[in-house]
Amino acid sequence: MKQNITINGLTFTPYISAETIHIAVKNMAKHIQNLYAPEDEILVLIVLKGSFIFAADLIRHLHLRCKIEMIRASSYGDGIQSSGEIHLTIPPFDIKGKHILIIEDIIDSGRTLVALQNRLLQKQPASIHIAALLSKPTEHQYDLSKACIGFEIPSLFVIGYGLDYQELGRELSDIYQLLE
């Protein structure tokens with residue numbers, strides 16, 4: 001069993017193993033594969049920074065033609081709770097008539113994803129689908145039932161597998177929860 005780790009004075013305990021994550025990512029890829037026709041080309045929008053490891057693993061399991069763009073969306077800052085203020089940085093690219101797959105690390109309230117989705121819908125894509133590794137359904141303020149989710153978790157603060165606390169912990173292959 002992995003041990004607890006400490007980052008900037010906070011202690012985290014193992015929560016989801018790398019092996020369990022790997023199985024979930026493969027299953028998510030199968031589900032996403034079925035959302036598109038074999039001839040479809042999709043534009044994958046990777047929400048930085050937290051989803052970059054998850055996105056790389058997920059994309060490797062997709063057997064679709066993918067173009068990839070990186071976008072920034074954040075609402076946490078340096079804390080362990082959302083600030084409620086959403087920051088979106090979307091490069092100017094043409095998505096009209098394209099199939100979009102947004103890859104996100106974690107869905108809390110859903111405000112960030114809904115803001116991003118609304119911004120993208122103004123550009124008239126053919127479709128928008130969401131894949132998120134983690135979701136906290138008790139925190140949702142919007143209907144996100146159509147999103148492809150790897151794990152539903154309670155309202156915990158987690159790090160690892162791309163998720164961070166004050167920019168640290170992203171490199172961990174397992175996911176850890178804050179020990180309170």
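Just so you know, all these numbers are worked out from the coordinates, no wet-lab data involved. Predicted, not measured: the structure shown is a model, and the values here were computed from it. All Cβ positions, glycine included, derive from the backbone under ideal geometry; neighbour counts span all protein chains shown.
Structural remarks
- The chain: most fluctuating residue of Leu48, Leu113, Leu35 per GNM, C-alpha cutoff 10 Å: Leu35
- Loop-located GluC sites (Glu not before Pro) in the range 1-76 whose Cβ has at most 12 other Cβ within 10 Å (DSSP): Glu39
- log₁₀ of I(q)/I(0) at q = 0.21, 0.22 Å⁻¹ - the range 9-69, Debye sum with one point per alpha carbon: -0.89, -0.95
- DSSP finds beta bridges in the range 44-180, and of those with both partners inside it, around 25 percent are antiparallel.
- Among Ser51, Ser17, Ser135: highest mean-square fluctuation, GNM of the chain, C-alpha pairs under 10 Å: Ser17
- Label of the coordinate-derived value, percent of Cα pairs over 24 Å apart, listed as [x] 38; [y] 35; [z] 43: [y]
- Of the residues Val25, Val44, Val114, the one that moves most in a GNM of the chain with alpha-carbon contacts below 10 Å is Val114.
- Pairs from Lys30/Lys67; Lys26/Lys98; Lys26/Lys146; Lys30/Lys146 whose Cα-Cα separation, in the structure shown, is over 20 Å: Lys26/Lys98
- Each Lys or Arg adds one and each Asp or Glu takes one away; over the other residues whose Cβ falls under 14 Å from the Cβ of Asp108, this sums to -3.
- Taking other residues whose beta carbon is less than 12 angstrom from the beta carbon of Cys66, and scoring Lys, Arg as +1 and Asp, Glu as -1, yields +1.
- Within straight-line cross-link reach of Lys49, aspartates and glutamates at Cα separation under 19 Å, skipping those fewer than 8 residues along the same chain: Asp57, Glu69, Asp78, Glu85, Glu104, Asp105, Asp108, Asp164, Glu167, Glu171, Asp174
- Column: log10 I(q)/I(0), Debye, Cα scatterers of the range 74-180, q = 0.13 Å⁻¹: -0.51
- Value at 222 nm in deg cm²/dmol, rounded to 500, when DSSP H runs of n ≥ 4 in the chain each add -39,500 (n - 2.57): -6500 deg cm²/dmol
- Inter-part distance, the range 90-119 to the range 6-72, computed on C-alpha centroids, equals 14 Å.
- Local net charge near Ile90, Cβ-Cβ under 10 Å (Lys/Arg +1, Asp/Glu -1): +2
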